[in-house]
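Encoded as structure tokens, the structure appears first; notes follow it.
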Amino acid sequence: MGVAFVAHCLLNQNSKVGDGAHCAGVYSPIVDVLRDKGWRIEQMPCPELAFAGLNRFWAVREQYDTAAFRRHCRRLAVAVAGAIAARVRQGEDVVLVGVEGSPSMGVTITSSDPERGGRPAWPDGSPELTSGEGIFVEELHSELDRRGIAFLVAGERHAIPGFEEADQRTRLESVLERGDA
Amino acid sequence: MRDARSYRIALVADCYVNPAPGQLDGLAVLAAAGWGVMQLPADDYPAEVAQQLLAGIAEQVEEFSRHGYTFVLVGERDGLAAALAQAGLAVPDRIAPASADELAGFLALRYRQDPAGGAGRGVTGSR
């Protein structure tokens with residue numbers, strides 16, 4: 001058991017990009033697993049919300065990879081890293097629960113398309129998914145590395161092709177129980 | 001894809017998100033009622049950390065408020081009012097519930113007062 005630092009939208013789907021909210025408010029499939037396993041929940045900020053606003057477009061990593069967004073993410077990451085450090089000092093294990101496929105909150109899968117930009121029209125599908133971290137998670141990872149803090153990662157997987165809630169639950173339980181990615 | 005957001009958000013003290021045994025599970029009540037949750041920093045965080053987290057929360061509340069989302073406060077957190085004031089925001093209607101029924105009743109009353117949430121005032125999302 002330990003402390004799960006969860007992506008903001010897992011407790012508040014109102015923060016999602018337009019057409020992205022899977023439920024009214026709290027995304028219970030992740031929350032329920034964390035509570036069942038006895039993990040404390042702490043919510044991270046949504047890095048996209050305050051920066052790009054509620055009317056932001058769906059975007060890939062390259063569109064958020066600007067100096068200004070990275071500065072914004074670093075500011076937020078310092079605050080979150082301070083919270084994580086406080087829990088680590090108490091002897092707690094820490095897991096980051098991100099959002100796979102997100103340009104900012106992906107923990108093992110983000111999105112990439114170097115050509116995307118201009119008038120927003122692109123085909124549905126998942127060609128932009130690629131392994132890697134989103135920009136906020138990358139900045140947080142860097143800040144935690146600087147502080148010598150180790151952590152586990154897991155992700156909400158709605159955006160991943162073939163998504164099944166049972167598979168998501170199994171993956172999360174595996175991370176929480178054994179530290180597997 | 002249908003966007004399922006509720007346009008309703010509760011700022012929630014940590015003790016209602018991570019309740020001690022036998023204490024009120026506010027998160028469960030809010031989830032069942034369809035409210036989004038913005039968790040306030042735990043009371044045992046260092047002051048500097050809490051202040052940074054509260055500033056980030058206020059920044060997000062400001063964006064939601066600009067789009068007409070409905071807010072309530074469940075519990076309390078030192079420094080929240082100052083952080084909200086920095087963003088030009090007032091503390092929303094508050095409850096410190098002792099029971100699930102009390103919290104559910106408060107949320108239902110807010111729903112009756114503002115049944116459309118942010119619809120019609122905000123410009124976010126398709127419904």
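Quick note: the coordinates plus some simple rules give every number you see, no bench work behind them. Remember, it's a predicted structure, so these values are computed and weren't measured experimentally. Glycine gets a Cβ as well: all are built from the backbone with ideal geometry, and neighbour counts include every protein chain shown.
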Going through segment A:9-58 in order, the residues found to be touching a residue at least 40 places away in the same chain (Cβ under 8 Å), within 8 Å of chain B (Cβ to nearest Cβ) and over 19 Å from B:Arg66 (Cα atoms) are A:His22, A:Arg40, A:Glu42
Can you find, within segment B:50-101, the residue that is nearest to the chain's Cα centre (by Cα) among those that are over 19 Å from A:Leu49 (Cα atoms) and of a type in the set (Lys, Arg)? B:Arg94
Among the residues of segment B:1-36, the number that are small (Gly, Ala, Ser), within 7 Å of chain A (Cβ to nearest Cβ) and either closer than 20 Å to A:Val33 by Cα or in contact (Cβ under 8 Å) with a residue 40 or more places away in the chain (or both) is 4
Farther than 22 Å from A:Cys23 by Cβ, in contact with a helix residue (DSSP H, G or I) (Cβ under 8 Å, 6 or more places away or on another chain) and β-branched (Val, Ile, Thr): which single residue out of B:Val49, B:Val29, B:Val37 fits that description? B:Val49
Can you confirm whether segment A:7-19 contains a residue that is among the aliphatic types (A, V, I, L, M), crowded, with 17+ Cβ neighbours inside 10 Å and in contact with a Leu (Cβ under 6 Å, 6 or more places away or on another chain)? no
Restricting attention to segment A:107-124, does a residue exist that is charged (D, E, K, R), over 21 Å from A:Ala21 (Cβ atoms) and in contact (Cβ under 8 Å) with a residue 60 or more places away in the chain? no
Given the criterion more than 12 Å from the chain's Cα centre (by Cα), surrounded by fewer than 16 Cβ atoms within 10 Å (Cβ to Cβ) and in a helix (DSSP H, G or I), identify the matching residue among A:Glu115, A:Glu143, A:Glu177. A:Glu177
Inside segment A:118-140, can you point out the residues that are of a type in the set (Phe, Trp, Tyr) and part of a loop (DSSP other than H, G, I, E, B)? A:Trp122
